[in-house]
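Undergrad: Here it is: the structure, laid out below.
The values are calculated or read from the model by the stated rules, or taken from the named source; none is laboratory data. All values reported here derive from a predicted model rather than from experimental measurement. All Cβ positions, glycine included, derive from the backbone under ideal geometry; neighbour counts span all protein chains shown. For accessibility, only protein heavy atoms count, side chains too; no ligands or nucleic acids. Shrake-Rupley method; radii C 1.70, N 1.55, O 1.52, S 1.80 Å.
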Amino acid sequence: MRMIPRQQRAAVWLTFAAFSIVAVWIAMAIPQYDVSEYHQYALLAMTPPILHHWPREYPALSQLVFLLPLLLPFSYRFSFAILTIAALALLLNIGMKRHGTLWGLKVVGYLSLGVIGLFSQRYDIFASLFGFLAIDQAIQRKWSWAWLFSVVGFLLKLFPAVFWPVFLIEEWRETKRLRWDRLLLSLFTGLVIIGLQALTAAHQAFTSFRYLLDRPVEIGSLAASLTALVTHPHLFSAFGSIDVRAHGMAHLIGDVVTALGIISWLSVFWAQWKGRLQFVDAAILTLGILLLATKVFSAQYLIWLSPLLALKKGNWGFVLAFFLTTVGYPVAYAVPGMLKWVIYIFTARNLLLAAGLAFFVWYQSRSVYTSRVLKEGVGH
């Protein structure tokens, strides 16, 4: 029996409620360090002189997210968890109005598979919300709003900046104008915020960028996976994560993977420019390549990808990759003696995610080709 729209929405919200209860319970019963770090950043921000303390590893606007839990009359950890759930509810409410209840179910499904064990202990859902809003506005051809939301997301977590070339190309395809002014304004906004940090706390002006550049190869990255396949890696702890080294091999492999990622990006942009990739497909691939090509691929980064994947037909590569992310972290981390196997769990995850993206490209390309053939047939 087919559900009516009202029943479908009820199913989404019931699923969301179940996800929320589990996510908040995990946040309170199995506390992780990140929320304590956010709390410290918030307390430092409130310590005179005001605006002289910024998050060491995150962009400046993240400070507002870390301050919000102080407004609620609960413990910081519980307040933060409630705010992440509220952000997800807002994402679902906005997204389902335009993309339907199936989209909402898929979002919650991806999040349940991949990040339920840490969802309410990371602030990534806030950046993901603005990243999705940017893509959603671009789909509607509301380009000013798309760029604005992407800039807000960039100032929260940096990653939405990868959408800017996709925006430039798509707007050019629509208007035959390359809107360099939008790109320059976005970059200028970022520089203004960095300038504010430099004026108020010069030693923290570029800390989020330096923190990312200085980090070693993280255990969840594709570079770490390939290192584990070709040599015996040595695990060590640094920058709040488990990292990998192998007599210089890990960094070399990381550089090669990054170079291949840049080439892959250029291929995506070229295919989009030539009309061989649709806008959302290009955005998904651009973000997916970012996750696989950088030397840090923390489990929570799947929160960024989930709302975009839900816009399209999924595949088993994505489903299994999300599931193995939870198996790798936090499950394997919590089981004594399993840590040495985590890198191989993430290796399987990364290979499956790469396979899922490859199948996604093939399927979408076939759909574009079929549509073009049908259109040409009707024209004749």
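Undergrad: Take residue 88 and decide whether it is in contact with a Leu (Cβ under 7 Å, 6 or more places away or on another chain), modelled with pLDDT of 95 or more and under 16 Å from residue 120 (Cβ atoms).
TA: no
Undergrad: Still on this model: Could you tell me which of the residues 289, 284 is part of a helix (DSSP H, G or I), within 22 Å of residue 217 (Cα to Cα) and either open to solvent by 10 Å² or more (accessible area, probe 1.4 Å) or in contact (Cβ under 8 Å) with a residue 60 or more places away in the chain (or both)?
TA: After applying the criteria, what remains is 289.
Undergrad: Residue 116 passes all but one of (1) crowded, with 19+ Cβ neighbours inside 10 Å; (2) not in a helix (DSSP H, G or I); which number fails?
TA: Unmet for residue 116, out of (1) crowded, with 19+ Cβ neighbours inside 10 Å; (2) not in a helix (DSSP H, G or I): (1).
Undergrad: Has segment 156-164 got any residue that is more than 30 Å from residue 78 (Cβ to Cβ), open to solvent by less than 30 Å² (accessible area, probe 1.4 Å), aliphatic (A, V, I, L, M) and in contact with a helix residue (DSSP H, G or I) (Cβ under 8 Å, 6 or more places away or on another chain)?
TA: yes
Undergrad: Given the criterion more than 16 Å from residue 222 (Cα to Cα), in contact (Cβ under 8 Å) with a residue 60 or more places away in the chain and over 18 Å from the mean Cα position of the chain (by Cα), identify the matching residue among 273, 362.
TA: 273 is the lone residue from the list that is more than 16 Å from residue 222 (Cα to Cα), in contact (Cβ under 8 Å) with a residue 60 or more places away in the chain and over 18 Å from the mean Cα position of the chain (by Cα).
Undergrad: Moving to a separate point now. Can you tell me which residues in segment 34-77 are closer than 17 Å to residue 199 by Cβ and of a type in the set (S, T, N, Q)?
TA: Answer for segment 34-77, where residues must be closer than 17 Å to residue 199 by Cβ and of a type in the set (S, T, N, Q): just 63.
Undergrad: Could you please find all residues in segment 91-103 being open to solvent by 30 Å² or more (accessible area, probe 1.4 Å) and of a type outside the set (D, E, K, R)?
TA: Within segment 91-103, 93, 94, 99, 102 qualify.
Undergrad: Assuming residue 320 fulfils every condition listed in (1) touching a residue at least 60 places away in the same chain (Cβ under 8 Å); (2) assigned to a helix (DSSP H, G or I); (3) of a type in the set (A, V, I, L, M, F, W, C) apart from one, which condition is it?
TA: (1)
Undergrad: Of the residues that make up segment 262-277, is at least one small (Gly, Ala, Ser), closer than 30 Å to residue 310 by Cβ and at pLDDT below 85?
TA: no
Undergrad: Oh, and also: Are any of the residues in segment 340-348 open to solvent by less than 20 Å² (accessible area, probe 1.4 Å), assigned to a helix (DSSP H, G or I), over 30 Å from residue 104 (Cα atoms) and touching a strand residue (DSSP E or B) at 6+ places or on another chain (Cβ under 8 Å)?
TA: Among the residues of segment 340-348, at least one is open to solvent by less than 20 Å² (accessible area, probe 1.4 Å), assigned to a helix (DSSP H, G or I), over 30 Å from residue 104 (Cα atoms) and touching a strand residue (DSSP E or B) at 6+ places or on another chain (Cβ under 8 Å), which makes the answer yes.
Undergrad: If you go through segment 12-41 one residue at a time, how many are open to solvent by 30 Å² or more (accessible area, probe 1.4 Å) and assigned to a loop (DSSP other than H, G, I, E, B)?
TA: Count: 2.
Undergrad: Give the number of residues within segment 123-155 that are open to solvent by less than 10 Å² (accessible area, probe 1.4 Å) and either among the polar types (S, T, N, Q) or in contact with an Asp or Glu (Cβ under 9 Å, 6 or more places away or on another chain) (or both).
TA: 5
Undergrad: Collect the residues in segment 235-252 that are in contact (Cβ under 8 Å) with a residue 60 or more places away in the chain and either under 12 Å from residue 343 (Cβ atoms) or assigned to a strand (DSSP E or B) (or both), keeping them in residue-number order.
TA: Listed by number, the residues that qualify are 235, 242, 244.
Undergrad: Restricting attention to segment 54-65, does a residue exist that is modelled with pLDDT of 95 or more, within 24 Å of residue 334 (Cβ to Cβ) and not basic (Lys, Arg)?
TA: There is no residue in segment 54-65 that is modelled with pLDDT of 95 or more, within 24 Å of residue 334 (Cβ to Cβ) and not basic (Lys, Arg).
Undergrad: So residue 232 clears everything in (1) at pLDDT below 90; (2) open to solvent by less than 30 Å² (accessible area, probe 1.4 Å); (3) not in a helix (DSSP H, G or I) except one condition, right? Which one?
TA: (2)
Undergrad: Among the residues of segment 78-90, how many are surrounded by fewer than 23 Cβ atoms within 10 Å (Cβ to Cβ) and touching a residue at least 60 places away in the same chain (Cβ under 8 Å)?
TA: Here the count works out to 2.
Undergrad: So, in segment 42-77, exactly how many residues are within 23 Å of residue 191 (Cβ to Cβ), under 25 Å from the mean Cα position of the chain (by Cα) and either touching a residue at least 60 places away in the same chain (Cβ under 8 Å) or open to solvent by less than 20 Å² (accessible area, probe 1.4 Å) (or both)?
TA: So the answer is 12.
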